[in-house]
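Since the structure comes first, as structure tokens, the remarks are kept for the end.
The values are calculated or read from the model by the stated rules, or taken from the named source; none is laboratory data. If you're wondering where the values come from, they're calculated on a predicted model, not measured in any experiment. Glycine gets a Cβ as well: all are built from the backbone with ideal geometry, and neighbour counts include every protein chain shown. For accessibility, only protein heavy atoms count, side chains too; no ligands or nucleic acids. Shrake-Rupley method; radii C 1.70, N 1.55, O 1.52, S 1.80 Å.
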Amino acid sequence: AGEMGLEPLFQAWSYFRRRKFRECADVCSQLLERPPGEQVAGAGPWREAAAAWNLKTRALTEMVYVDEIDMDQEGIAEMILDENAIAQVARPGTSLKLPGTSQGGGPSPAVRPVTQSGRPITGFVRPSTQSGRPSTMEQAIRTPRTALTARPITSASGGYVRLGTASMLTNPDGPFINLSRLNLTKYAHKPKLAKALFEYIFHHENDIKNALDLAALATEHAQFKDWWWKVQIGKCYYRLGLYREAEKQFKSALKQQDMVDTILYLAKVYLRLDQPVTALNLFKQGLERFPGEVTLICGIARIYEEMNNISSAAEYYKDVLKQDNTHVEAIACIGSNHFYSDQPEIALRFYRRLLQMGVYNCQLFNNLGLCCFYAQQYDMTLSSFERALFLAENEEETADVWYNLGHVAVGIGDVNLAYQCFKLTLVNNNDYAEAYNNLAVLEMRKGHTEQARALLQTASSLAPHMYEPHFNIAILSEKVGDLQRSYTAAQKSEEAFPGHVDTQQLLKQLKEHFAML
């Protein structure tokens, strides 16, 4: 009888181990709904109920669990209403807010496109590559809301489950645990239940205040000797925007127990406080204690990439591959670095490696198509782009493929095909500034000056960070004799790309004209 009574609990545990969380939660619910008399005497009624409650809490948490280390999305509120005082004029190479301060041998914007925040486009989309810091509220609101650019999202809750909605998703009858009626002090004295309950409140209910209260009581009960609770308090402070308090908790936890995760959380705090050099030093100290740890080497590479130090980033990505030769992000970033360094043949090898590993998506075939074209393997180019179009999951991806096909058409001299491709790009994504710019160039070749001007103005308003539309407006205005407009546009071009020789020559010519007047 005892074995039969325990069977549902073992079944629920088996479901949990196999990641069938919905079935696990259902079995636990049935166990918890039993009248106390029906529960097995041998197991202890309260013990079976506690085990079922604990297991159901963990199952519901796992259903909506998001790894905090990789979740780093700054919303408009976090960027503009940030109360942390940070030096307005940082020294070169010490800030992520000043793009291009540390040029580490990377290709110029003439070769490698940059994002809205002024950093070179990376080979791998992740939250940190998408978060540029706009300088004004107007710029933040006008930023296009797509993953293709450095877009701010409305608020940090965009990536997390919103307060109270997870319980409606996972429990149609209402919330499993009524947080307002919980006696947190009682649970804090039961460490095994407290940890499951904390994760449920933090991840499932997204109620950071109650989670922080529980963690504070639990760490007090553990006489401040349990490093795990200190890390959780740090996570709560981080979510609440109290970065200095979070830093103290993570440092204290590291003193008690050296953990890779804690180092990664602390580095996140430093990056949010715009202290990339401190984060780099932390990662390097961590590597002394955990030699060859892939996440730490990858963290260093990402920071170097964000600081525009492309050559150092590539070296660290190669170190990542020495430890883990199937690391997708490292392979993709090294591949894109070789492509933009005018080595498409080597980039092709890295992308083929990704294909062999089972990565099969639109972006990969798009990159393969470009590498084949620039490596003069024309037989594979169009078939790669066809596959990319077939695998495109949304209109932005389709627009990317058509834009690249337009480039191929320009390369082989088929202007009409290029025109059609850029038009199709705009059909799929109406905010594609590069396509507007290239269409304008084609219109100028046909002698349609007014259409070209209109397209260039659209491009420059959509992407003020690109130098090409400003430079083209300057050239066009100078040709038709509008020197003042030409000068203004050339200044904007120089601001976007200070090292552009043609812009400097044009400005010099215009200044000579004005001096003669």
| Among (1) at pLDDT 85 or above; (2) touching a Gly at 6+ places or on another chain (Cβ under 6 Å), which single condition is residue 62 missing? | (2)
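So which of 382, 370, 391 is of a type in the set (A, V, I, L, M), crowded, with 16+ Cβ neighbours inside 10 Å and either more than 25 Å from the chain's Cα centre (by Cα) or closer than 27 Å to residue 456 by Cβ (or both)? So that I can check it myself, show each step before the final result.
Details: 382 fails: crowded, with 16+ Cβ neighbours inside 10 Å; 391 fails: either more than 25 Å from the chain's Cα centre (by Cα) or closer than 27 Å to residue 456 by Cβ (or both).
None of the other options fit; the residue is 370.
Quick check on region 479-492. Is at least one of its residues of a type in the set (Ser, Thr, Tyr), over 19 Å from residue 439 (Cβ atoms) and in contact with a Ser or Thr (Cβ under 7 Å, 6 or more places away or on another chain)?
Narrowing region 479-492 to residues of a type in the set (Ser, Thr, Tyr): 486-488.
After this cut, where a residue has to be over 19 Å from residue 439 (Cβ atoms) as well, the list is 486-488.
Checking the rest, the ones that are also in contact with a Ser or Thr (Cβ under 7 Å, 6 or more places away or on another chain) come to 486.
Taking every residue of region 479-492 in turn, at least one turns out to be of a type in the set (Ser, Thr, Tyr), over 19 Å from residue 439 (Cβ atoms) and in contact with a Ser or Thr (Cβ under 7 Å, 6 or more places away or on another chain).
Please state which one of 438, 430 is surrounded by fewer than 17 Cβ atoms within 10 Å (Cβ to Cβ) and closer than 19 Å to residue 463 by Cβ.
Values: 438 fails: surrounded by fewer than 17 Cβ atoms within 10 Å (Cβ to Cβ).
Exactly one of 438, 430 is surrounded by fewer than 17 Cβ atoms within 10 Å (Cβ to Cβ) and closer than 19 Å to residue 463 by Cβ, namely 430.
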| Looking at this structure, is residue 268 open to solvent by 60 Å² or more (accessible area, probe 1.4 Å) and within 19 Å of residue 231 (Cα to Cα)? | no
| With respect to the numbered conditions (1) surrounded by fewer than 19 Cβ atoms within 10 Å (Cβ to Cβ); (2) more than 19 Å from residue 66 (Cβ to Cβ), which one is the sole condition not fulfilled by residue 260? | (2)
| field | Among residues of region 273-311, those that are in contact with an Asp or Glu (Cβ under 9 Å, 6 or more places away or on another chain) and either open to solvent by 20 Å² or more (accessible area, probe 1.4 Å) or not assigned by the TED database to the domain that holds residue 325 (or both), counted | value | 8
| request: State whether the residues of region 461-475 include one that is open to solvent by 40 Å² or more (accessible area, probe 1.4 Å), touching a residue at least 60 places away in the same chain (Cβ under 8 Å) and part of a helix (DSSP H, G or I). | output: yes
| What is the residue count in region 219-252 for residues that are of a type in the set (Gly, Ala, Ser), in a helix (DSSP H, G or I) and at pLDDT below 95? | 0
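Of the residues that make up region 333-346, is at least one part of a helix (DSSP H, G or I), closer than 30 Å to residue 243 by Cβ and in contact (Cβ under 8 Å) with a residue 12 or more places away in the chain? Outline the logic, then answer.
The initial filter retains those residues of region 333-346 that are part of a helix (DSSP H, G or I), namely 333-340, 344-346.
Checking the rest, the ones that are also closer than 30 Å to residue 243 by Cβ come to 333.
Those left that are additionally in contact (Cβ under 8 Å) with a residue 12 or more places away in the chain: 333.
Looking for residues that are part of a helix (DSSP H, G or I), closer than 30 Å to residue 243 by Cβ and in contact (Cβ under 8 Å) with a residue 12 or more places away in the chain, one finds at least one in region 333-346, hence yes.
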| query | Somewhere in region 345-353, is a residue of a type outside the set (Ser, Thr, Tyr), under 23 Å from residue 113 (Cβ atoms), modelled with pLDDT under 95 and open to solvent by 30 Å² or more (accessible area, probe 1.4 Å)? | reply | no
| Count of region 202-211 residues which are open to solvent by less than 10 Å² (accessible area, probe 1.4 Å) and within 25 Å of the chain's Cα centre (by Cα) | 2
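Hey, can you tell me all the residues within region 409-427 that are open to solvent by less than 60 Å² (accessible area, probe 1.4 Å) and either among the hydrophobic types (A, V, I, L, M, F, W, C) or not in a helix (DSSP H, G or I) (or both)? Spell out how you get there, then give the answer.
Applying the first criterion (open to solvent by less than 60 Å² (accessible area, probe 1.4 Å)) to region 409-427 yields 409, 411, 413, 415, 418-419, 421-422, 425-426.
Within region 409-427, 409, 413, 415, 418, 421, 422, 426 qualify.
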